[in-house]
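**Student:** Dropping the structure in here first, questions after.
The values are calculated or read from the model by the stated rules, or taken from the named source; none is laboratory data. Owing to the predicted nature of the structure, the values given are computational and were not obtained by experimental measurement. Cβ: placed from backbone, ideal geometry, glycine included. Neighbour counts: every protein chain shown. The accessibility values were calculated without ligands, DNA or RNA, using every heavy atom of the protein model including side chains. Shrake-Rupley method; radii C 1.70, N 1.55, O 1.52, S 1.80 Å.
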Amino acid sequence: MFIYDTLMPINMLSSQEKELIPENWYNVVPDLPEQLPPPIDNEAERSSIELLNRILPKEVLRQEFTFQRYMKIPDDIREIYEQIGRPTPLVRARGLEQFLDYSGKIYFKYEGATVTGSHKINTAIPQAIYAAKEGVQKVVTETGAGQWGTATSVAASFAGIKAKIFMVRISYQQKPLRKKIMELYGGTVSPSPSDETRFGRNLLKDNPDHPGSLGIGIGEAVEYALDHDLRYLVGSVFNSVLTHQSIIGLETEKQLEIAGEEPDVLIGCVGGGSNFGGFSFPLIKKFKEVEVIASTAAEVPKFSHGEYKYDYVDTARILPSVKMYSLGADFVPEKIYAGGLRYHGAAPSLSMLVKTGRVATRDEDENHVIQALKIFSKTQGIVAAPESGHALASAIDYVRKHKHEKKTVVVNVSGHGLLDLSIFRDDK
Amino acid sequence: MNRKTIFYFTSSYPTHEQLLKFISSVDGEVVKYVELGLPSMNPLYDGPSIRKTHSDALRNFHFSHLAEYGSILTRKGVRPYLLAYYNDFAQRGERMLDDLADAGFAGLLIPDLLIDHADVAQSIIASVQKKLEFIPFFNPATPDAIVSRISGMTRSWVYYGLQPSTGIEIPYDLAEVSSRIRELLPSREVNFGFGIRNLDQVREIMSLGSDGVAIGTMIIPMLTGHDLEAFLKFQHELGEVAVA
């Protein structure tokens, strides 16, 4: 039986230390090993890239195409980061180390400590603030598991504007509490596919029980934004989003420095790649030799079974295509427990780092993930999000295989799973 | 000499005869280089306007046209360059380099080489440079290490595409993207292009340290409308901006 050792020195590097919040976001593009392929248009006669002017907040678009290595975080946004729980803690996982009888060290960065319980708020805030400053009254987006929709709803509320969320239908049905939270924050939620867009109506005509997917949700949200002259907030994949999320890795870098540690291994989970990129890219820049592992769902095996190619970001084929690992924009993943990972592609910058071999990948199956979540909750007291469970499963696996090496493993736990307890049904 | 302008024409657009008229009207006091686009089935990094010129030009194009354009331009003291997407270049093979050199072309620009064909870039650059200048094409997303490596392998001027596609309008921080390339290549001739929309923008780009400005999409309506007069007027205005 596992018994918690209470004789612990400093273990939690947190928190209420606002100087740990970086002054700049970091954009990996100027430091990639190869040229990042630009987005391309989907049709000969019109420019999908230019259409972004009517879809994204202007400042987000400017950041997307300026490729500044370091970009100052505006003071008002930095203040809101403090309000929502940044810096998030970096915790020495003593309990997990003991349980695994590990000779090295395990740290986890805990993005579940933000007010919405995941990393998603790190980019929702700047995007909503930029939209509001441009005079936009309402923003629209999609959500898979619900974390992104929750973050968008809160960020819109902070910015004094409204939010409309298309929630992947299977999650909408399985997670009524997520819908409730988004509504509590002022968001309006529709199941996707919905009858509110042409794209959604067509899909429902063919299959009234369509479970939806992130790609479909993005397509509906973008169409809705265009039809109603709103602005769309991007949850992942786009370079500007990964740049906003770099706050995770930049804080971790300072926290590791305080702890006197250098990481040997970085592990995170990948849906579209934003928490993973945000966490790992600043650390890859600093620690040239660090081993990096991206963990995905075996049911959505984009890296192991996908192709590195130009593909559509959204199933409606409205946004420009990007070069990425993809299972195809029409891929409808299984109705898995980790809605945030049900996306067919991955961010172009991350895809390139996988292609060049800088980032290794692992596919984790449901049973393995659930076991990892159980171990983590018992040893660290944290019920991590099912998505984060993939990173934990890969980390536990790694530690077991390298049990006698004194490595420092740092895992990004992208969110908590307190609203996802149904995955433990049937006593799994 | 204060020539700062680079014109881009898609070869044989709108017709060979019409383009000959425009090329014959190029002012050697204003224009330093002319890029001629090899018509492509898949001009991936061009916007809708230039893409349309490619699909139209494919019907008219003959390789011998390039020699005619090259001959007129070199007589004016304007250096002609060919812009070819990698697959079109690879299809014709290295014999194209001899043909271009014979036609008076100064160099070759392959916009997708570093992006989609990085694995062969080094050998392609080496073989081009046996016959012609190789013009590196960078953009704000080009990593610092690639800018340094490719610049070190080449001796020519550099083409810096300001945005992901030609002829479209997206917001980006011009001062920021300009300063980055100038810091990386302080003593190299760097000419800016992609998405330049008006003379005010040309002025701004020149003030930010560009050695020249490539204009393509802006002159397409003049070509399409066979409006040589508008072209001459525009060229004159550009000359005044560049001199100022």
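**Student:** What number of residues in the range A:163-190 are within 21 Å of the chain's Cα centre (by Cα), farther than 17 Å from A:Leu419 by Cβ and surrounded by fewer than 22 Cβ atoms within 10 Å (Cβ to Cβ)?
**Tutor:** Qualifying residue count, the range A:163-190: 0.
**Student:** Within the range B:190-209, track down each residue that is open to solvent by less than 60 Å² (accessible area, probe 1.4 Å) and without any contact (Cβ under 8 Å) to a residue 60 or more places away in the chain.
**Tutor:** B:Val190, B:Phe192, B:Phe194, B:Ile196, B:Leu199, B:Gln201, B:Val202, B:Ile205, B:Leu208, B:Gly209
**Student:** Quick check, is A:Lys302 open to solvent by less than 10 Å² (accessible area, probe 1.4 Å), of a type outside the set (A, V, I, L, M, F, W, C), without any contact (Cβ under 8 Å) to a residue 60 or more places away in the chain and within 21 Å of A:Val354 (Cα to Cα)?
**Tutor:** yes
**Student:** Would you please name the residue that is surrounded by the most Cβ atoms within 10 Å (Cβ to Cβ), looking only at residues in the range A:42-64 that are more than 23 Å from the chain's Cα centre (by Cα) and more than 7 Å from every other protein chain (Cβ to nearest Cβ)?
**Tutor:** This residue is A:Ser48.
**Student:** Please work out which residue is farthest from the other protein chains (Cβ to nearest Cβ), limiting yourself to the range B:117-144 and to residues that are open to solvent by 30 Å² or more (accessible area, probe 1.4 Å) and of a type in the set (A, V, I, L, M).
**Tutor:** By that ranking, first place goes to B:Ala126.
**Student:** Turning to a different aspect of this structure: All but one of (1) in contact with a strand residue (DSSP E or B) (Cβ under 7 Å, 6 or more places away or on another chain); (2) closer than 29 Å to A:Asn42 by Cα hold for B:Val26; which doesn't?
**Tutor:** Status for B:Val26: all satisfied but (2).
**Student:** Still on this structure: Filter the range A:235-260 for residues that are aliphatic (A, V, I, L, M) and at pLDDT 95 or above; which is surrounded by the fewest Cβ atoms within 10 Å (Cβ to Cβ)?
**Tutor:** Among those that are aliphatic (A, V, I, L, M) and at pLDDT 95 or above, it is A:Leu256.
**Student:** Return yes when A:Gly200 is touching a Leu at 6+ places or on another chain (Cβ under 7 Å), part of a helix (DSSP H, G or I) and either modelled with pLDDT of 95 or more or surrounded by fewer than 22 Cβ atoms within 10 Å (Cβ to Cβ) (or both) and no when it is not.
**Tutor:** In short, no.
**Student:** Tell me which residues, restricted to the range B:156-170, are more than 17 Å from the chain's Cα centre (by Cα) and open to solvent by 10 Å² or more (accessible area, probe 1.4 Å).
**Tutor:** Selection gives B:Glu169 alone.
**Student:** Further, regarding this structure: Can B:Tyr33 be described as touching a Phe, Trp or Tyr at 6+ places or on another chain (Cβ under 8 Å), at pLDDT 95 or above and under 20 Å from B:Gln235 (Cα atoms)?
**Tutor:** Criteria met by B:Tyr33.
**Student:** Only one of A:Gly272, A:Gly278, A:Gly268, A:Gly249 is part of a loop (DSSP other than H, G, I, E, B) and either assigned by TED's automatic domain parsing to the domain that holds A:Lys109 or on the phi > 0 side of the Ramachandran plot (or both); which?
**Tutor:** Exactly one residue qualifies, and that residue is A:Gly272.
**Student:** For the range B:161-184, give me the residue count where each residue is over 23 Å from B:Ile220 (Cβ atoms) and at the interface with another protein chain (Cβ under 9 Å from one of its Cβ atoms).
**Tutor:** Qualifying residue count for the region: 4.
**Student:** Sticking with this one: With respect to the numbered conditions (1) of a type outside the set (Lys, Arg); (2) modelled with pLDDT of 95 or more; (3) in a helix (DSSP H, G or I); (4) open to solvent by less than 20 Å² (accessible area, probe 1.4 Å), which one is the sole condition not fulfilled by A:Ser295?
**Tutor:** With respect to (1) of a type outside the set (Lys, Arg); (2) modelled with pLDDT of 95 or more; (3) in a helix (DSSP H, G or I); (4) open to solvent by less than 20 Å² (accessible area, probe 1.4 Å), A:Ser295 is out only on (3).
**Student:** Answer yes if at least one residue in the range A:65-83 is within 24 Å of the chain's Cα centre (by Cα), open to solvent by less than 20 Å² (accessible area, probe 1.4 Å) and facing chain B (nearest Cβ under 8 Å), and no otherwise.
**Tutor:** Looking through the range A:65-83, at least one residue is within 24 Å of the chain's Cα centre (by Cα), open to solvent by less than 20 Å² (accessible area, probe 1.4 Å) and facing chain B (nearest Cβ under 8 Å).
**Student:** Go through the residues of the range A:361-369 one by one and say whether even a single one is within 15 Å of A:Gly417 (Cα to Cα), modelled with pLDDT of 95 or more and of a type in the set (A, V, I, L, M, F, W, C).
**Tutor:** Within the range A:361-369, one or more residues are within 15 Å of A:Gly417 (Cα to Cα), modelled with pLDDT of 95 or more and of a type in the set (A, V, I, L, M, F, W, C).
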